[in-house]
1. Give me a comma-separated list of calculated 3J(HN,Hα) values for the stretch 166-180, in order, Karplus coefficients 6.51, -1.76, 1.60 applied at θ = phi - 60°, integers in Hz, x for any Gly or Pro.
2. Rank these by accessible area, largest first, 1.4 Å probe: Leu281, Leu256.
3. Each residue of the stretch 238-248 in order: what ³J(HN,Hα) in whole Hz does its phi give by Karplus 6.51 cos²θ - 1.76 cosθ + 1.60, θ = phi - 60°, with x for Gly and Pro?
4. Quick check: from the Cα gyration tensor, does the stretch 154-290 come out rounded (a/c under 1.5), prolate or oblate?
5. With the full set of protein chains in place, find how many percent of the accessible area of the stretch 172-247 is carbon and sulfur; take the probe as 1.4 Å.
Amino acid sequence: MSISWLFLALLTAVAEAIKDILGKQTHARIDPWLTVWGLYLFALPTLLPLLFLPDAVPSVQAGFWPTVIGSALLNTVAMFLYIHALRRSDLSLTIPMLAFSPLFLLLTSPLMIDESPSMTGMIGILLIVIGSYVLNLRSRAAGPWAPFRAMLQTPGPRLMLMVTLLWSIGANLDKMAIRYASPLFYSIAVYTLMALFTAPVALLLARDRLGDMSRHARILALLGTLNTFSIICQMTATAVTLVPYVIAVKRTSIVLGVLWGGFVLREAGLTERLTGAAIMLAGVFFIALA
């Protein structure tokens, strides 16, 4: 079972990496608020038909719908804060804050769902956090503590740290909802609700650019399909192992992203990228042992 969940978590990371690489190009052409809505809206054409699979609709236990609604609302708020953080501060100061999402899970998972990693697993998680942070040290001049100093001076890093905390709570709600139903049914339910919840905000903030969605429907459909694949893999893995393990392995998605930037786009900081990637892969190895 450990091999199967690790494989699914790695597939999640690959899907997220491809989505991030494509998303960098998409954000330049489509309003970011519409992109957020489109990620969930364009996932539905591939998600909803799965309801017709055998046993796709399980017997839902009491507590499922309040949990899934809470998760959808929390993740909707987190996504819009994420966009807001990226708009208010430099990427090199905000993105490193995401490295701490597995670290927050070491606090929230024991409290919310009574899941605590083993010592070996905890070492793996910490290595992934450290490696993720090293990967994002793009500016040598600013120094390794620049994101932390920026937290005292600029709102972007503070907002992004709040996003990581919300995501750590949301990941535990995912596990709770899966226990009440199934990974597939939860994936369909939460993305349907998030498409509904993000629609009013996107329409309010970007109604004058709605034409972007139709003009770039093909790329949004591809991103939506990747989103579908990612969430099903992630939730299936979450159902059979500890949430901090799945999220920590999922964070290795940035390895592919930054290596793409270094080798293909010739972005600076290849030494930091390779060092961070090696540390994160060592973390995956420790988690696999756990």
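The values are calculated or read from the model by the stated rules, or taken from the named source; none is laboratory data. Note that the structure is a prediction, hence the values are computed from the model and not measured. Areas reflect the complete protein model, heavy atoms only, side chains present, ligands, DNA and RNA absent. Shrake-Rupley method; radii C 1.70, N 1.55, O 1.52, S 1.80 Å.
1. So the Karplus estimates, Gly and Pro as x, are 4, 5, 5, 6, x, 5, 6, 5, 4, 5, 5, 5, 4, 5, 7 Hz.
2. So, going from the largest accessible area down, we get Leu281, Leu256.
3. Result, rounded to whole Hz: 4, 5, 10, 8, 6, 4, x, 5, 4, 5, 5.
4. Oblate.
5. Using a 1.4 Å probe with all protein chains present, the stretch 172-247 comes out at 67 percent carbon and sulfur.
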